[in-house]
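Rule-based calculations on the coordinates, nothing more; no lab input. These numbers come from a predicted model, not from an experiment. We place every Cβ from the backbone using ideal geometry, glycine too, and count neighbours over all the protein chains shown.
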């Protein structure tokens with residue numbers, strides 16, 4: 001098997017590769033394990049924060065996943081929450097009172113937020129201490145955390161490669177061991193894509209499961225759902241249970257705390273062909289087929305399936321993606337004040353906005369068709385309980401492949417070839433989870449994607465626990481470049 005490398009092999013001044021997950025107050029625990037040690041008094045929250053600061057100082061000059069480091073002045077969470085004292089990061093499109101929010105752009109000068117976003121309050125309600133903010137590409141429009149005028153966020157398994165996006169900073173720092181859990185949100189795959197790229201668990205909850213996202217609420221179709229990226233299924237399950245308990249949506253069935261696999265056997269639909277027509281690379285296809293075989297051995301009925309949509313969905317989503325960029329270009333001053341200068345937006349944002357200008361007359365038609373996708377997608381689950389597919393059509397690209405400096409037409413084609421499977425669940429409002437599924441030939445993680453009908457996160461978590469138990473995934477651990485955990 002090829003050698004697996006990570007950022008600590010090349011970190012400036014690093015003389016002990018992999019030491020980010022070392023013998024300090026954080027240890028190698030997931031968030032549940034760390035919270036338990038804090039509760040028992042084995043370590044204090046202050047000691048844990050000091051360890052976060054030390055790890056960030058060591059690896060972030062290479063990874064560049066942080067925007068703000070506030071480990072010396074955290075926003076404390078509910079001491080009665082399940083994650084009490086556990087440090088986390090909030091993505092840089094979500095307000096934390098008194099902190100600036102940049103949305104990954106230099107197009108305006110951010111002022112300190114007047115109040116917490118609802119999602120921030122929900123995170124704090126689980127007990128998490130917010131110790132900083134994580135990087136994202138401009139307005140979350142790209143699938144790689146890269147910038148026209150700044151260093152990119154790099155993949156901790158190998159810094160030559162992308163960490164994904166738009167929650168790329170969060171995923172890079174969780175995978176690297178700086179924090180065990182971090183906030184993320186997803187409007188087209190932005191939890192699941194970086195989780196797959198960095199070898200993490202990334203659950204996009206059902207629309208309305210977590211607190212409303214202010215950006216999503218302004219959209220004609222709300223695509224955005226907030227959640228977390230983690231290194232273990234139980235962290236994701238614990239977060240979702242606490243969030244759901246603290247803010248129940250009566251339109252969705254309660255999730256409760258999922259603590260392990262279920263005994264029931266499921267009808268699993270295997271989807272290998274993408275709506276975009278993009279070819280799935282050999283490493284990715286092999287990982288998905290391998291998981292399908294494992295599910296069969298676990299007793300599930302696995303059969304071929306389709307995504308239920310065609311190339312017209314891709315065109316409609318591209319038009320909608322352009323509408324979002326157009327709203328930034330034309331409405332940025334209303335959102336951010338006089339300092340907003342659209343000329344400072346990157347070429348991807350402008351290219352998408354120009355695409356929408358040409359599609360303007362199609363707006364009522366593509367919105368109508370996208371709103372009908374939820375019904376089409378729901379019909380798939382009359383034949384299947386779960387759909388299994390790739391997360392992405394190929395493994396993470398090298399830094400630069402998805403840079404906003406790439407000419408727009410070329411970059412658009414590359415993005416459609418890469419982000420081939422995730423947007424459907426955003427339009428349908430259904431939950432989906434990314435799980436690590438081994439390694440590509442170059443050692444980078446490969447993820448698989450599981451989705452269920454709206455409201456059925458429980459089934460996803462039960463399956464995830466079963467897969468994690470039967471095939472534990474690699475982690476970047478102290479002194480272990482193979483990263484098995």
Histogram of C-alpha separations across the stretch 99-249, 10 Å bin width, %: 12, 42, 38, 8, 0
Value of Rg to Rh for the stretch 276-366 (Rh from inverse mean 1/r over Cα pairs, i.e. Kirkwood): 1.22
Shape call, the stretch 218-345: gyration tensor on alpha carbons, a/c limit 1.5: oblate
Helix-only mean residue ellipticity at 222 nm for the chain, each DSSP H run of n ≥ 4 adding -39500 (n - 2.57), per residue, nearest 500: -11000 deg cm²/dmol
Approximate spin-label separation residue 39-residue 408, in nm, with each point projected 7 Å along Cα-to-Cβ: 5.2
Calculated SAXS-style log₁₀ I(q)/I(0) at q = 0.20, 0.22 Å⁻¹ - the stretch 324-387, Debye, Cα scatterers: -0.82, -0.88
Along each principal axis, Cα extent of the stretch 214-285, largest first, Å: 42, 40, 25
Rg over Rh, two decimals, the stretch 365-474 (C-alpha only, Kirkwood Rh): 1.03
Convex hull (Cα only) mean projected area of the stretch 430-477, reported in nm² to one decimal: 3.8
Cα gyration tensor, the stretch 25-78 - rounded (a/c under 1.5), prolate or oblate: prolate
Overall Cα dimensions of the stretch 342-424, principal axis frame, Å, largest first: 48, 36, 17
Spherically averaged projected area of the stretch 33-155 from its Cα convex hull (nm²): 8.1
Prolate/oblate/rounded call for the stretch 301-447, Cα gyration tensor, a/c under 1.5 rounded: oblate
Alpha-carbon centroids, the stretch 379-406 and the stretch 238-282: separation in whole Å: 16
Cα coordinate range in the chain, projected on the principal axes (Å, largest first): 61, 59, 47
Ranked packing of 151-163, 464-476, most packed first, by mean Cβ within 10 Å: 151-163, 464-476
For the stretch 122-179, fraction of C-alpha pairs farther apart than 16 Å, in %: 45
Descending semi-axes in whole angstrom, ellipsoid equivalent of the stretch 167-245, from the Cα gyration tensor: 21, 15, 9
For peptides 364-376, 30-42, 178-190, sequence by mean Cβ density within 10 Å, most packed first: 178-190, 30-42, 364-376
